Amino acid sequence: MLPESYARQKIKKYGCTIHSATGILNWMGRLKGSISDTYNEIWNNSNVELHDNGGEDWLYGGAYLEDVKNYFNSYFASLGIKTRAFIDSDVTFDEVVRHIGSNYSGEKAPFSMSIWVEGDDGHTITVISYLKTSSKNYVVIYNGWWLDENDCQVDENGIKANVNNNTSYLSVRYIDFDDLKNRSNVSTEGMMFKDVQSANIKEANTQYSSGNNIELACYVPNGTKYVFFPTWSVGGNGTDVVWHSGNIQYGNVASVSVDLNTYNKASGYYATDIYAYDGNMNQLACYGTVLNDINSNISNVKTSNKTIKGYKLTCNLPTGTARVAFPTWSNVNNQDDLIWYNGQINNNNGNLQGEITIDVANHKNDGGLYITHIYAYDKYNKLIANDVNGRADITDRKQITDAKITNVTSSSYRVSCKVPTGTSYVLFPTWTSYNASDDIIWYNAALSGDTAYLTINKSKHNNETGVYNTHIYAFNSKGDILNSATTSVTIK
């Protein structure tokens, strides 16, 4: 579709009906020469009535759909194709649905619709789609004209009446079609199409890509019987090109899955062109080029946040990874503690990163060497790549060691110790010997690396003097006691 500014500035003409018609021929790939050539030819063959343009250096005029229809049919006949335009004098929403859905048109195709207001002027728009909500029927149109005060207003369904995104689709809008048709002073007329056979391939795009395959889809011209997707790795300079045969559904929807094993699953850019042929292998249309940047490997494997409790492992994942598994075991007793973890996948602007945190409590609280492998799978649960380089060395300590009391004053003292492998939290129950354990408090110790510590304040224990007892209990994340120790000190 064409922005109205292009017509005014480049062609020096603007007529809404001509504007819509030129955009539709461009969509069909049936321009007669350039956009300007086509615009001028339709203008010259449509009995355009000129209007006052306020002295600007471009012509402003109107034409009837009937004239444009006649030009279209003469032009289509000269091309030797079956496509024909027809006038629908009272467009209904069901007809919109059938036309856009290709029941009328043969291909999913836009059409021109003139909206006439009694006692006023009319305007021709291009219907490009439709939208049904629970309460309303919308036609999605390319307005082909300036925006107005209604732009960006949102109705109760959250639909923007007009959408301004500063692109060539500046005038894409949603019209409440039922409201339009219920107005007694408004009438609609459409130039629709039968047996559309475009000369181009449209909406070619990548549906899904992974280190295993690239899935592409597009709309091909009506009458296409064969479609091919020649694909090559850009790094191979075209020497590894393979013509992949695609599938055609619903008459016009073509798709293919390109198996990257054909290219040894090399990482890098892949290029794909598209060719559509009829039943006699006459080329109907071609399209080039769809590019895909594929990473087929696991890389940048890193271990971080290593503590007495465990470690975190991260890596860069292949394109299209839908699931990542991290089988992990300690080097003690071979793989008797093997666990296959499903990791987290983080998407950083299209770059996928896998992440897992290993808790040694799941591995018998073993210390020493831990091994983590990585397996990346696509959305079909098919393996893309694996890596065997995940390693972490965890301190091997079975008991609490170095338990000691320091920094003793008349009002406080500090307890610290080294904790066993797997420790997740440490409790320091503390009481004075006076009146047994009537003042016992179970403190949560601070844990830094493999060291637990806490300052015990006399004020928390009735400011009593004498012997203070602090026991130490180390627990893993499952709540199992790993080890215990006792300490005491005299506070005067």
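Name the residue that is modelled with the lowest pLDDT, counting only residues in the range 1-32 that are part of a loop (DSSP other than H, G, I, E, B) and within 21 Å of residue 193 (Cβ to Cβ). Of everything passing the filter in the range 1-32, 1 is modelled with the lowest pLDDT. For residue 304, the conditions (1) free of Cβ contacts under 8 Å to residues at least 12 places away in the same chain; (2) small (Gly, Ala, Ser); (3) crowded, with 17+ Cβ neighbours inside 10 Å are fulfilled apart from (3). The residue pairs whose first member lies in the range 435-454 and is surrounded by 12 or more Cβ atoms within 10 Å (Cβ to Cβ), whose second member is in a loop (DSSP other than H, G, I, E, B) and small (Gly, Ala, Ser), and whose beta carbons are closer than 8 Å, counting only pairs six or more residues apart or on different chains, are 452/445; 453/445; 454/445. Which of the residues spanning the range 83-128 are in contact with a helix residue (DSSP H, G or I) (Cβ under 6 Å, 6 or more places away or on another chain) and among the small types (Gly, Ala, Ser)? Listed by number, the residues that qualify are 85, 105, 112, 114. Which residue out of 26, 53 is closer than 17 Å to residue 10 by Cβ and out of contact with any helix residue (DSSP H, G or I) (no Cβ under 7 Å at 6 or more places or on another chain)? Checking each option against the conditions leaves just 53.
Any idea which of 279, 238, 251, 320 is under 23 Å from the mean Cα position of the chain (by Cα), over 30 Å from residue 425 (Cβ atoms) and not in a strand (DSSP E or B)? Quick ask: steps written out before the conclusion?
Numbers: 279 fails: under 23 Å from the mean Cα position of the chain (by Cα); 238 fails: under 23 Å from the mean Cα position of the chain (by Cα); 251 fails: under 23 Å from the mean Cα position of the chain (by Cα).
Just a single option satisfies the conditions, and that option is 320.
Screening 371, 345 for residues that are in a strand (DSSP E or B), over 30 Å from residue 209 (Cβ atoms) and in contact with a strand residue (DSSP E or B) (Cβ under 7 Å, 6 or more places away or on another chain) leaves exactly one candidate, 371. Where strands (runs of 3 or more DSSP E) sit wholly within the range 35-125, those with at least 2 residues that are closer than 22 Å to residue 138 by Cα and at pLDDT below 95 occupy 111-117. Within the range 324-358, the residues that satisfy the criterion of being within 20 Å of residue 309 (Cα to Cα) and hydrophobic (A, V, I, L, M, F, W, C) are 326, 329, 332, 338, 339, 340, 356, 358.
Among the listed residues 469, 463, which satisfies the condition of being exposed (fewer than 13 other Cβ atoms within 10 Å of the Cβ) and more than 27 Å from residue 357 (Cβ to Cβ)? Talk me through it step by step, then tell me what you get.
Values: 469 fails: exposed (fewer than 13 other Cβ atoms within 10 Å of the Cβ).
Residue meeting the stated conditions: 463.
Taking the listed residues 81, 42, the one that is touching a residue at least 60 places away in the same chain (Cβ under 8 Å) and either among the hydrophobic types (A, V, I, L, M, F, W, C) or assigned by TED's automatic domain parsing to the domain that holds residue 220 (or both) is 81, with no other qualifying. I'm trying to understand the selection: among the residues of the range 252-288, which are without any contact (Cβ under 8 Å) to a residue 24 or more places away in the chain and in contact with an Asp or Glu (Cβ under 7 Å, 6 or more places away or on another chain)? If the condition is that a residue be without any contact (Cβ under 8 Å) to a residue 24 or more places away in the chain and in contact with an Asp or Glu (Cβ under 7 Å, 6 or more places away or on another chain), then 288 is the only one that fits. For the range 218-229, check the following and say yes or no: at least one residue is more than 30 Å from residue 133 (Cβ to Cβ) and surrounded by fewer than 16 Cβ atoms within 10 Å (Cβ to Cβ). Yes, the range 218-229 has at least one match. Every test in (1) of a type in the set (S, T, N, Q); (2) assigned to a strand (DSSP E or B); (3) outside the structural domain of residue 98 (by TED's automatic domain parsing) is passed by residue 222 save one, and that test is (2).
The values are calculated or read from the model by the stated rules, or taken from the named source; none is laboratory data. Only a predicted model underlies this, so the values are computations on that prediction, with no experimental measurement involved. We place every Cβ from the backbone using ideal geometry, glycine too, and count neighbours over all the protein chains shown.
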